[in-house]
1. Could you tell me what percent of the DSSP beta bridges with both partners in the chain are antiparallel, to the nearest 5?
2. Region 1-43 to region 91-144: how many Å between their Cα centroids?
3. Summing +1 for each Lys or Arg and -1 for each Asp or Glu, what net charge is found among the other residues whose Cβ lies under 15 Å from the Cβ of ALA136?
4. Would you mind checking region 119-140 for residues with the amide N under 17 Å from a putative spin-label position 7 Å along Cα→C-beta of GLU86?
5. Treating only the Cβ of Lys, Arg, Asp and Glu as charged (+1, +1, -1, -1), what charge dipole size does the chain show about its Cα centre? Round to the nearest 20 debye.
6. Over all alpha-carbon pairs of the chain, lay out the pair-distance distribution in 5 Å bins, whole %, shortest bin first.
7. Under 24 Å from the Cα of LYS71, which lysines turn up, not counting those fewer than eight places away in the same chain?
8. How large is the helix-only mean residue ellipticity at 222 nm for the chain, computed as the sum of -39500 (n - 2.57) over DSSP H runs with n ≥ 4, divided by its residue count, in deg cm²/dmol to the nearest 500?
Amino acid sequence: MNNCLEINGLTFRPYLSAAQIAKRIGELAEELKRDGADESTLFVCMLSGAFVFASDLLRAMNTTAEICFVKWSSYCGTQSSGELTEQLPVTADVKGRKVIVVEDIVETGMTMRRFVEKMKAMGAADCKIVSLLHKAQLQTHAVHIDWVGFEIDNAFVVGYGLDYDGKGRMLRDLYAKV
């Protein structure tokens, strides 16, 4: 894993290595399959941050299941604005289907709570969440995260799909703001 790096004037230190992330994703893939995720499941990837995680997770599952992409946003810089905007809606038919939302990070739970409510209103038979990262100490909205890759502290992280003002997504490792 590389040493500290700078993005847009902020310094970030190594946090989780690509090897640690890959190992946990393999474990999550097995957990999802064991818990009933199969070819009939609709995976919904929350853009932009979860695209790397979703890709690696579904390849580790070796599934032919359907995936669609949505984009809801509340971030500006390093903090949530508290306002949620739907930038790319769900285009797949969810009615009567088992849905698994693939998220990069859950902090307050606001986005996930509202998204699960929307999936249920659209007729999903079941809606569960798999998140690479979870900041449990920040969660203020009641939503159950069914599968969690890593519980992390209140660090601002970049890499492995997560960004700081659009930069850092393509880093293989995860870095935390110093």
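1. In the chain, approximately 40 percent of DSSP beta bridges are antiparallel ones.
2. So the separation of the two Cα centres works out to 18 Å.
3. -3
4. 119-125, 127
5. Details: 20 positive and 23 negative charges, 14 e Å.
Its charge dipole is roughly 60 debye.
6. Answer for the chain: a P(r) of 2, 8, 18, 22, 21, 16, 9, 4, 1, 0 percent.
7. LYS95, LYS98, LYS118, LYS120, LYS128, LYS135, LYS167
8. My calculation for the chain gives -7000 deg cm²/dmol from helical runs alone.
Here, each number is a calculation from the coordinates, and none is a lab measurement. Not measured: the values here are computed from a predicted model. Every residue, glycine as well, gets a Cβ built from its backbone with ideal geometry; the counts of neighbours run over all protein chains shown.
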